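The structure appears below as structure tokens.
Rule-based calculations on the coordinates, nothing more; no lab input. Since the model is a prediction, treat every value here as computed from it, not as a measurement. As a convention, Cβ positions derive from the backbone with ideal geometry for all residues, glycine included, and neighbour counts pool all protein chains shown.
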Amino acid sequence: MTIVSFEAARNLEGVNIFVDTNVLLFVDGAHAFEDRERAYSDIYFHLGKKNKLFTSEKCLGEFSNRLTKLYYDMDKDSDPQIGDFKRYRKSKEFSQSMECIYDATCQFLDDLEIIKSYENIDIKNAFLNVKTGLIDYPDIVAARICLKDDMYFFSDDGDAIFCKGLKVITNNRWALSKINTRHNIECL
């Protein structure tokens, strides 16, 4: 039942932290590198010095897919003649972007411990939680991993606070506003 602000997170030491896809995107800076993204990036590197950082292969896949779509959308905005997404991503014209996406993904492979096993996750129950509309599937799976392995969940998603007992590191204003009343909304 802990929501940790960035200020408080600076004091964490020797803990395990699961890094969500949105944080990976902020650290990468592909979408933008404004104040919000910079704050997440700064705390990511700070936390990495004193703690062990994890993510899942599912989050890395989501990161790679979202970057690919972002780069495609930027190219399509520049040249409306660019064709279908799936065809274009295989093209020679897009190969340099794919190389950048690969490099960015590999950097996180080097920086983070990667969780590849979900054998302890009750998938049917996870989708039951998703059915509530309060949380999406990747976040409920990450939350269950964090609860099982006593990790903090580092994310900008406010929906994580609905998970009972989950320790969340965030700079999400809505989530931070619920620090004292979270017990009233924890239901997953």
Report task. For helix 57-78, report the angle its Cα long axis makes with the longest principal axis of the Cα atoms of the chain; keep it between 0 and 90° and round to the nearest 10°. Result -> 40 degrees
Query raised in the report: Out of residues 5 or more away from residue 3 or on other chains, whose amide H comes under 5 Å of its own, with H placed 1.01 Å from N in the peptide plane?
Result: 168
Query raised in the report: If you take the beta carbon distance between residue 15 and residue 124 as r and set R0 to 35 Å, what does 1/(1 + (r/R0)^6) give as a FRET efficiency, to the nearest 0.05?
Result: 0.70
Query - Amide hydrogen neighbours beyond the local backbone of residue 113, cut-off 5 Å, H modeled - result: 53, 54, 55
Report summary line: If every Lys and Arg gets +1 and every Asp and Glu gets -1 at its Cβ, then about the Cα centre the chain yields a dipole, in debye to the nearest 20, of 500 debye
Query - Among 115, 169, 181 the positive-end extreme of the charge dipole of region 2-184 (Cβ point charges) - result: 181
Query - Listed residues 153, 128, 106: farthest to the positive end of the dipole of the chain (Cβ charges) - result: 128
**Report entry** Enclosed volume per residue, in Å³, of the convex hull spanned by Cα atoms of region 2-184
**Finding:** 136 Å³
Query raised in the report: Using the per-residue mean of other Cβ atoms lying within 10 Å as a proxy for protection, in what order, highest first, do the peptides 122-131, 16-25 fall?
Result: 16-25, 122-131
Query - Surface/4 of the Cα convex hull for region 81-175, nm² - result: 9.1 nm²
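What number, in percent, do you get for the relative contact order of the chain if the mean sequence gap of Cα pairs under 8 Å and at least 6 apart is divided by its residue count?
The value is 32 percent.
Working out 0.36 nm times the residue gap between residue 92 and residue 106, then minus their Cα-Cα distance, what length gain in nm do you get to one decimal?
Contour length minus the Cα-Cα distance gives 2.9 nm.
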Requested in this report: At 0.36 nm per residue, minus the direct Cα-Cα distance, what do residue 113 and residue 46 gain on full extension? Give it in nm, one decimal, please.
Outcome: 22.5 nm
Query raised in the report: For the cross-link pairs 116/178; 49/69; 58/124; 52/167; 50/164, which exceed 21 Å when the distance is taken from alpha carbon to alpha carbon?
Result: 116/178; 49/69; 50/164
